[in-house]
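Each remark here refers to the structure printed beneath this line.
Read-outs throughout are calculated quantities, based only on the coordinates presented, and are distinct from any laboratory measurement. Not measured: the values here are computed from a predicted model. Please note: Cβ atoms are built from the backbone with ideal geometry, for glycine as well, and neighbour counts cover all protein chains shown.
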Amino acid sequence: IRDSETKKTDFSLSIRDTDSVKHYRIRQSEDGRFYIARRTTFTTLPELVIHYSKVSDGLCVNLRRPCVHIVKPEPDGLSHNLVDKWEISRRDIKLIRRLGHGQFGDVWEGVWNDNVAVAVKTLKPGSMNPVDFLAEASIMKRLRHANLIQLFAVCTIEEPIYIVTELMKNGSLLDYLQSKWSNV
């Protein structure tokens, strides 16, 4: 649910149904009740969501789980006094399973904000200079391309330092290529 782009007093509900997205306008009656269809009104938006989670009641499907709109951080500000917009709280990251490890740290499959799958690269305390480790994140902050792993965030306030990136669904590119080409 988001503010309507066309009418300031309304909201929009976007629902993914298989490969398409359907949009529904949520209006507010004169007495302040919310509705999609006038026959079913609610005092709050959470009540509306709960109702449509139980039954579709005219929607293309019933609501299941929210789609999180990932707001990718903007590139660094021009002033060194600005707080790094890429920094997130370590509490927002849940490490699920270790994908790999090396001399300087581990790579984990994780979840950001309880629903975004991510890869988390960690730096073992004392294994290398954190400045060198974060140089990778600094480069990734400036790179934006559909064919490159995207940097989502960093956790640098305490150790171990995290670099949080998009998760590659097929795992390590090297492992993937070696397994595909070994069969040829």
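Rounded to the nearest Hz, the phi-derived 3J(HN,Hα) couplings of the range 111-127 under the Karplus curve 6.51 cos²θ - 1.76 cosθ + 1.60 (θ = phi - 60°) are 10, 9, 6, 6, 7, 10, 5, 9, 9, 10, 9, 10, 10, 5, x, x, 7, where x marks glycine and proline. Sequentially through the range 146-163, phi angles give Karplus couplings (6.51, -1.76, 1.60; θ = phi - 60°) of 4, 9, 10, 4, 9, 6, 9, 6, 9, 10, 10, 5, 9, 8, x, 6, 10, 10 Hz, Gly and Pro residues having no value and appearing as x. Under 5 Å between amide hydrogens, built in the peptide plane, is the criterion, and for W108 it picks out L99, V120, K121, T122 among residues at least 5 positions away or on other chains. Peptides 51-58, 156-163, ordered by how many other C-beta atoms sit within 10 Å of their residues on average, highest first, read 156-163, 51-58. For the chain, averaging the sequence separation of C-alpha pairs within contact (under 8 Å, six or more residues apart) and dividing by the residue count gives a relative contact order of 11 percent.
Counting beta carbons within 10 Å around each of V49, V120, V61 and listing the fewest first gives the order V61, V49, V120. Considering only P66, I15, I139, the residue lying farthest towards the positive end of the dipole of the chain is I15, judged by Cα position with unit charges set on Cβ. With a/c under 1.5 counting as rounded, go ahead and sort the chain into rounded, prolate or oblate using the C-alpha gyration tensor (a ≥ b ≥ c being the square roots of the eigenvalues; past the cut-off, prolate if a/b is larger than b/c, else oblate). It comes out prolate by the Cα gyration axes. Axis angle, to the nearest 10 degrees, between helix 130-142 and the longest C-alpha principal axis of the chain: 50 degrees. Once a ≥ b ≥ c are taken as the square roots of the eigenvalues of the Cα gyration tensor of the range 90-178, is the result rounded (a/c under 1.5), prolate (a/b larger than b/c) or oblate (a/b not larger than b/c)? Judged from the Cα gyration tensor, the range 90-178 comes out rounded (a/c under 1.5). Rounded if a/c is under 1.5, else prolate if a/b beats b/c, else oblate: with a ≥ b ≥ c from the C-alpha gyration tensor eigenvalues square-rooted, which is the range 2-54? Taking the square roots of the gyration eigenvalues as a ≥ b ≥ c, the range 2-54 is oblate.
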